[in-house]
Amino acid sequence: MNAPTSPSVLLVDDARDMLELLRRSMNAMGLTPFTANNVVDAIEVLEHGPVDLVITDLNMPEVSGIQLVRYMGEHFPHIPVLVITGYPKLEDAVQVMKLGAVEYIVKPFTQEELREAVERVLSSLAARTTEAPAPEEVRESFHGILGRSPAMQEVYRIIERTRNNRATVLVTGESGTGKEMVARAIHYNSAFAAAPFIAVNCGAIPDQLLESELFGHMKGAFTGATTSRAGFFQAADGGTLFLDEIGNASPAVQAKLLRAIQDKEITMLGATKPQHVDVRLISAANNDLLAMIRQGTFREDLYYRLNLINIHLPPLRERTEDIPLLVDHFNHKFSRELGKKPLRIPARILETFASYPWPGNVRELEHLVHRLMILKDGAVDMDDLPAYMKMPAPHTPTPNALVSLAELERQHILRVLESTGQNKTRAAEVLGIDRKTLREKLKSLG
């Protein structure tokens, strides 16, 4: 039996800060938010996925919120609309109510005013059925993703809501949280699962090659291009293209990605005519794209195109109740691979795991269990754990003991390097990151 899904809300506003505020408010209410910073993208979400409520601003460039309300009244009359605006006009309020909006609130509004307005609108949805809601099923796994914590249940719900939606998805979270697994779950749980799934790590391809790899090139397009070659967009045609570490894309690649999303066309390097492609684009980022926008290193218009639907993966330290489940899975996985009996992992070991911050997240936990399976037989004891995982000797705190998060990360990385004999490859494995990311962290942390 599938678990019931929370109501989904489409948020439409051209102001980035307001859109983010609304998204967080919807999450706090237990709703599933989709976002769009213009009416055209909003209509695309409406046409390709289930939406229970629309919250829209009125004053937006090019196509206004009034036009969106009119369009919904003619094409999606069953979806209620809540209008928000910072420029209240009596005639606008009357017009949108006539067109089908059921609520109208004025900026600035309090969180309580927003919550009450949303609850009034959603009450009409609740009144559609008199059946008592079935108890929500708690899943321990979902298409290869493991976790029974509330945060992971929310991830599963969003995947279910978006699986047959061709709109773009942005998966965010720290390195090692499993963003590619989410992309695969979306694709292989969809109606086009038989189509190609292509995964590309933008951080692992040099800047000068990424454009050619994504969009392909014609013979003679650059030195060394002795033959024409299709890119990843053509290879994924009809299916899903997953772009990991999207924040590493150069400005030139960002511009071509924006056109590919907007026009569903790509142009090979050296070609004069564009090609039509039908690709569902899922991107992932472990860096702060909003901060990059403020710094001028990532395009704001591309961010909103990529982030129509957002799925955030929590770090392992925020879902420690999932650690026993993950440990058991990796224990049996590696026992099968190595032809050994599963290890016995006492409760005190799991307690140590729960108190450890896991900077490398699930990937770091997987590598640790793999290492223990190789080196151990029978039961695991405390001596088998790396020194950096154990509680340090207590000391009297001083005012100078308060350090920044960056300094704590620096100290942890140095401890791991010391415990691995300054072996950067091994240290990267323990931390659950690649050598390039470790090198960049060492450089940024001095």
Q) So how many residues does region 54-109 have that are at pLDDT below 80, under 18 Å from residue 38 (Cα atoms) and of a type in the set (Phe, Trp, Tyr)? A) 1
Q: Just give me the residues in region 326-346 being touching a strand residue (DSSP E or B) at 6+ places or on another chain (Cβ under 6 Å) and either exposed (fewer than 15 other Cβ atoms within 10 Å of the Cβ) or outside any helix (DSSP H, G or I) (or both), in sequence order.
A: 344
Q: Have a look at 343, 326, 350 and point out the one that is under 14 Å from residue 148 (Cβ atoms) and either of a type in the set (A, V, I, L, M, F, W, C) or in contact with a Pro (Cβ under 9 Å, 6 or more places away or on another chain) (or both).
A: 326
Q: Tell me which of these residue 29 doesn't satisfy, since it passes every other one: (1) closer than 22 Å to residue 102 by Cβ; (2) under 18 Å from the mean Cα position of the chain (by Cα).
A: (2)
Q | Residue that is aliphatic (A, V, I, L, M), part of a strand (DSSP E or B) and either at negative phi or surrounded by fewer than 15 Cβ atoms within 10 Å (Cβ to Cβ) (or both), where the choices are 349, 311, 323 | A | 311
Q.
Return the pair list, or none, for Cβ contacts closer than 6 Å from residues in region 243-267 that are in contact (Cβ under 8 Å) with a residue 24 or more places away in the chain and surrounded by 15 or more Cβ atoms within 10 Å (Cβ to Cβ) to residues that are of a type outside the set (S, T, N, Q) and part of a loop (DSSP other than H, G, I, E, B), at least 6 apart or on different chains.
A. 254/299; 266/277; 267/274
(Q) Any residue that is surrounded by fewer than 16 Cβ atoms within 10 Å (Cβ to Cβ), among the aliphatic types (A, V, I, L, M) and without any contact (Cβ under 8 Å) to a residue 60 or more places away in the chain - is there at least one of those in region 46-57? (A) no
Q: Say whether the condition of being surrounded by 20 or more Cβ atoms within 10 Å (Cβ to Cβ), farther than 30 Å from residue 252 by Cα and not charged (D, E, K, R) is met by at least one residue in region 158-179.
A: yes
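Counting only residues that are of a type in the set (D, E, K, R) and either assigned to a helix (DSSP H, G or I) or in contact with a Gly (Cβ under 8 Å, 6 or more places away or on another chain) (or both), which one in region 352-376 is farthest from residue 286 (Cα to Cα)?
In the first step, residues of region 352-376 are kept if they are of a type in the set (D, E, K, R); the result is 363-364, 366, 371, 376.
Checking the rest, the ones that are also either assigned to a helix (DSSP H, G or I) or in contact with a Gly (Cβ under 8 Å, 6 or more places away or on another chain) (or both) come to 363-364, 366, 371.
Details: 363: 14, 364: 16, 366: 19, 371: 26 Å.
Among those residues, the one meeting the criterion is 371.
So how many residues does region 386-408 have that are modelled with pLDDT under 80, under 16 Å from residue 355 (Cα atoms) and part of a helix (DSSP H, G or I)? Show your work before the answer.
Filtering region 386-408 down to residues modelled with pLDDT under 80 leaves 390-408.
From what's left, under 16 Å from residue 355 (Cα atoms): 390-394, 408.
Remaining after also requiring part of a helix (DSSP H, G or I): 408.
Residues in region 386-408 being modelled with pLDDT under 80, under 16 Å from residue 355 (Cα atoms) and part of a helix (DSSP H, G or I): 1 in total.
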Q) Hey, residue 112 hits all of (1) at pLDDT below 65; (2) under 25 Å from residue 23 (Cα atoms); (3) of a type in the set (Asp, Glu) but one; which does it fall short on? A) (1)
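Would you confirm whether or not region 357-371 contains a residue that is charged (D, E, K, R), surrounded by fewer than 15 Cβ atoms within 10 Å (Cβ to Cβ) and either over 25 Å from the mean Cα position of the chain (by Cα) or modelled with pLDDT of 95 or more (or both)?
No, the conditions are met nowhere in region 357-371.
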Q) For region 137-150, does any single residue satisfy the condition of being among the charged types (D, E, K, R), closer than 24 Å to residue 287 by Cβ and either surrounded by 18 or more Cβ atoms within 10 Å (Cβ to Cβ) or at pLDDT below 90 (or both)? A) no
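The values are calculated or read from the model by the stated rules, or taken from the named source; none is laboratory data. Just so you know, these numbers come straight off a predicted model, no measurement behind them. Positions of Cβ are backbone-derived with ideal geometry, glycine not excepted, and every protein chain shown enters the neighbour counts.
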